[in-house]
Amino acid sequence: MNMLDLFRPTRFFNLAGADAKNAVRDPVLLYVIILSVLPSLIIFFWRRQIETALGMPGVTALALPTILTISAFMVGWIPGFLILEERDDGPLLAIEVTPMGKRGFELYRLVLTWVLSALITLFSIELLAPSMGWGMRFFYAFVIGLEAVSVALVIPTFSSNKVAGLAMAKFTNMFALFPALALFPSPWRYLGAVFPTYWIGESFQFTPFQYLSLPLILMIALALHIALVLLLYGLFVRRVG
């Protein structure tokens, strides 16, 4: 099978439908799917009440970068656990002898992860930042989608079983909070610059103390996210096969 045949609409949606059924059967995965869009919906419907309760007008806008990354990380959980389960239970070995091949199936999963995360990102931005230009919307959709792919690769690459995978997922969630570092006015915030998620927060330029131009910030964010996905994919191929 030509690799491009894998992404024909009919084949792609058939595979996506099968994955959706598997995810719905697992209550944990179903919970994660719902949870990935829940923060945006909560802030959209109860923004005023939240800000009033905290006594901090506008604080929900400052939370947007972190909300976007948390949603992406949760989306990445789903294929990460599915790949881990299939690796341990044997289906990946069976898939290897099909025309699609194991490598093709893995790539399909990663592309689907990116698409789902990008759509959730666009949905969240439309709810919480409707005035944002479409250029920036698509930039965030692309880059934050790569974050979901990174999480999907981390879980099966560095986990020996589902219990270890759950621990790894919880650990990686810590990095979803790094956009909040960009809220600090001090240059010390750049200690988080080695982490791709930090640059999502930096790109919103919430603080008046800016030391880098927006185009440079966006280029760094894009480069780091792509580099991380390539690195993790290389490790994933060695680990999973």
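The values are calculated or read from the model by the stated rules, or taken from the named source; none is laboratory data. In this text the structure is predicted, and so the values were computed from the model without any measurement. With ideal geometry, Cβ positions are generated from the backbone for all residues, glycine too; neighbour counts draw on all protein chains shown.
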Legend entry - Condition broken by Ser131, with the remaining ones in (1) in a helix (DSSP H, G or I); (2) modelled with pLDDT of 90 or more satisfied: (1)
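Limited to segment 167-182, what total is found for residues that are touching a residue at least 12 places away in the same chain (Cβ under 8 Å) and under 16 Å from Val32 (Cβ atoms)? Working first, answer last.
Applying the first criterion (touching a residue at least 12 places away in the same chain (Cβ under 8 Å)) to segment 167-182 yields 168-169, 172-173, 175-182.
Right, trim to under 16 Å from Val32 (Cβ atoms) and you get 168-169, 172-173, 176.
Residues meeting the conditions: 5.
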Inset, instruction - Kindly provide the set of residues from segment 42-68 that are among the small types (Gly, Ala, Ser) and under 19 Å from the mean Cα position of the chain (by Cα), ordered by number. - result: Ala63
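Conditions tested, residue by residue: (1) without any contact (Cβ under 8 Å) to a residue 24 or more places away in the chain; (2) buried (at least 24 other Cβ atoms within 10 Å of the Cβ); (3) in contact with a Phe, Trp or Tyr (Cβ under 8 Å, 6 or more places away or on another chain).
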residue	(1), (2), (3)
Leu116	no, no, no
Ala129	no, no, no
Trp134	yes, no, no
Ile144	no, yes, no
Val149	no, yes, yes
Inset, instruction - Output the qualifying pairs, or none if there are none: Cβ atoms under 7 angstrom, residues six or more apart or on different chains, first residue in segment 51-70 and in a helix (DSSP H, G or I), second residue of a type in the set (Ser, Thr, Tyr). - result: Glu51/Thr60; Ile67/Ser40; Ile67/Ser124; Leu68/Thr121; Leu68/Ser124; Leu68/Tyr140; Thr69/Thr197
Legend entry - Test: residue in segment 183-194 that is in contact with a Leu (Cβ under 7 Å, 6 or more places away or on another chain) and touching a residue at least 60 places away in the same chain (Cβ under 8 Å): yes
Inset, instruction - Of the conditions (1) closer than 18 Å to Gly76 by Cα; (2) among the aliphatic types (A, V, I, L, M); (3) modelled with pLDDT of 95 or more, Ala169 clears all except one; give me its number. - result: (3)
